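The values are calculated or read from the model by the stated rules, or taken from the named source; none is laboratory data. What you see is a predicted model, and the numbers here were worked out from it, not measured in a lab. Positions of Cβ are generated from backbone atoms using ideal geometry, with glycine treated the same way; all protein chains shown enter the neighbour counts. Accessible surface is based on the protein model in full, side chains and every heavy atom, while ligands, DNA and RNA are left aside. Shrake-Rupley method; radii C 1.70, N 1.55, O 1.52, S 1.80 Å.
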Amino acid sequence: MTSTATIRGVWLAGHEVESAEGRTFTVIDPATGLPIAEVADAGAPDARAAIDAAHAAAPAWAATSPRERARILRRAFDIVTARTEEFAALITAEMGKPLAESRGEVAYGAAYLEWYAEEAIRIGGRVTKAPAGNGQILVNYEPVGLCYAVTPWNFPLAMITRKVGPALAAGNTMIVKPAEATPLTALLMAQVFGEAGLPDGVLSVLPCANPTAVSDAVFADPGLRKVTFTGSTAVGRKLLAQASDGVLRASMELGGNAPFLVFEDADLDSALEGAMAAKMRNGGQACTAANRFLVHNDVRLEFVERLTERIAALQVGAGVDHNVVVGPLITERQRSMVHALVTEAVTDGAVLRTGGVPLPGDGFFYAPTVLDRVPAHSRIVSEEIFGPVAAIRGFDTEQEAITAANATEYGLAAYFYTSDFSRVQRVSAALRAGMVGVNRGVISDVAAPFGGINASGLGSEGGAEGIHEYLNVKYMALPNG
Ligand code: NAD
């Protein structure tokens, strides 16, 4: 199979090849609704070929020195960074985010490769004397084995590098199944790993239109040892059920419903800045996006007024236009889901301050929206919006705000703004979330453990913690020397 800009194969054993069953599927530009590429549609035979290639490559790869693995990851980081414009253009084309944000994602996604190049050589271990004095306890870490990664479309590069980076650093092999909407970035990433010197078979990338054929074939392999997933909680639950059959290690980065609290003593300028970032990055299509704004009633009217002014002024359009700050939603289906949440909220009694309509014309654009006085029982409060919609309601006491913030099955990100230090400590401790932004609207950092609790998932990605998701602990009982 060729590797032209418009026809791409699957990445198998170090090469781009046609899918075994010869099918392709179409990738759409969400800004126009028009096709931009045909991609080979992987199925069960491709999954089995990727598994065979991974098992063949595994012993030699696990035996490479940490330094050698670090060098390959570092080269991949250098290549991605040098090709920032190419990656950014591809991300914008298939996912829709504005070019400036795509460049930001390239830097963020590449940073996981750099970080895990650095972590590869620092995995460590420990030796302690047994408490009874009768021997030594040696703790070592080993690669878990074959890993299967399933990734979403909203960060088509970064959600892959933060899985592939630590998996390879730890000496594992990996099969990636990218989201059907965004296979092109994933395939370019695979090609970069080839150029960086990754041995054939260590990594395969299997785009497909229907995830279950590939997925079920990978889960059927008794050699599979780990599944790592980023996506919706509904799909995460299915994959966890499949993982239980094989007693697999599992990392799940699932949906969120982040509360964004603004207390009466907050610096409002800074809270508004944070609100724009937490809400509007990626057009609201982020698992960490602020989903529920809870604003103290003493400052609510001013906050709503000023947020509405800023949100109404946002330029919406195709991400390739340099003036645009909000791109399209990923699909017509996603746009309909966002619109249904907004119209239901208005029916429930919310006050529409701006937006609230799909934008006419080509592409899947939705007007940036502000809703005030959103009733607690409205569906928009309990479900992930995944669109450029700020849903606001007021509160009167700190306890009321915390109770409302925690009234969700999710527990990924939470944000709050206050200038009272003792409140910082109290509220941080009380919020049930894996990540808390204090007077900050952006929390992602490669050096920090990214992850949720409750229905938002299991495990951490990034930081020193992230590599341990891909390592087994081995304890050796030794006699005294
Ligand atoms: P999704 O769950 O529909 O799809 C995610 C991936 O799962 C895709 O690759 C898809 O093809 C695959 N998939 C779907 N059904 C499958 C099945 N039965 N078997 C195997 N694979 C299957 O989610 P999405 O719409 O692509 O992404 C949005 C969701 O992802 C949101 O809920 C968002 O919060 C979440 N997300 C979470 C994080 C995080 O780190 N917690 C980050 C980004 C996105």
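Expressed as an acute angle from 0 to 90° and rounded to the nearest 10, what is the orientation of the C-alpha long axis of helix 233-245 relative to the principal long axis of the chain?
20 degrees
Once the dipole of the chain is set up with Lys and Arg at +1 and Asp and Glu at -1 on Cβ about the Cα centre, which of 172, 403, 311 lies farthest towards its positive end?
It is 172, whose Cα lies furthest towards the positive end.
Calculate, for segment 258-445, the solvent-accessible area per residue in square angstrom, rolling a 1.4 angstrom probe over the heavy atoms of the protein chains. Don't skip to the answer; put the middle values down first.
Working: 7460 Å² over 188 residues.
Value returned for segment 258-445: 40 Å² of accessible area per residue.
Multiply the residue separation of residue 32 and residue 409 by 0.36 nm, subtract the distance between their alpha-carbon atoms, and state the gained length in nm to one decimal. Let's see the in-between values first.
Working: separation 377, 0.36 × 377 = 135.72 nm, distance 3.57 nm.
Contour length minus the Cα-Cα distance gives 132.2 nm.
List the lysines whose alpha-carbon lies under 25 Å from that of residue 226, not counting same-chain residues fewer than 8 positions away?
163, 177, 238, 474
I'd like the orientation of helix 99-120 relative to the chain: the angle between its Cα long axis and the longest Cα principal axis, in ° from 0 to 90, rounded to 10.
40 degrees
Once label points are set 7 Å from the Cα along Cα→Cβ at both residue 130 and residue 216, what is their separation, rounded to one decimal in nm?
Going from the residue 130 label point to the residue 216 one covers 5.0 nm.
Given points 7 Å out from each Cα along the Cα-Cβ axis, report the residue 107 to residue 454 separation in nanometres with one decimal.
So the label points at residue 107 and residue 454 sit 3.4 nm apart.
Between residue 422 and residue 447, what's the calculated FRET efficiency when r is the beta-carbon distance and R0 is 25 Å? Round to 0.05.
Working: r = 28 Å, r/R0 = 1.10.
Between residue 422 and residue 447 the formula returns 0.35.
Quick check: at a probe of 1.4 Å, how many percent of the accessible area of the chain sits on carbon and sulfur atoms? List each step's numbers first, then the result.
Details: 10090 of 18210 Å².
On the chain, the fraction of accessible area on carbon and sulfur atoms equals 55 percent.
Report the per residue volume, in Å³, of the convex hull enclosing the C-alpha atoms of segment 258-445. Walk me through the intermediate numbers first.
On the way: hull volume 20.7 nm³, N = 188.
In segment 258-445, the Cα convex hull volume per residue is 110 Å³.
Restricting to Cα pairs below 8 Å that are 6+ residues apart, what does the relative contact order work out to for segment 258-445? Please round to a whole percent. Walk me through the numbers on the way to the answer.
Numbers: 373 pairs, mean separation 54.4, N = 188.
Computed value for segment 258-445: 29 percent relative contact order.
Got a sec? Which residues in segment 299-317 would a label at residue 100 touch, if it sits 7 Å along Cα→Cβ and we count backbone N under 11 Å?
Of the residues in segment 299-317, 315 have backbone N under 11 Å from the label point off residue 100.
What is the extension gain from residue 209 to residue 397, computed as 0.36 nm multiplied by their sequence separation minus the C-alpha to C-alpha distance, in nm to one decimal?
That pair, residue 209 and residue 397, stretches by 62.8 nm at full extension.
Would you mind calculating the relative contact order of the chain from Cα pairs under 8 angstrom and at least 6 residues apart, reporting the percent as a whole number?
Once normalised by length, the contact order is 18 percent.
Need the C-alpha centroid separation for segment 327-360 versus segment 168-238, integer Å.
Rounded to whole Å, the Cα centres lie 33 Å apart.
Length gain on complete extension for the stretch residue 65 to residue 440, per 0.36 nm per residue less the alpha carbon to alpha carbon distance?
Values: separation 375, 0.36 × 375 = 135.00 nm, distance 3.94 nm.
Difference between extended and current length: 131.1 nm.
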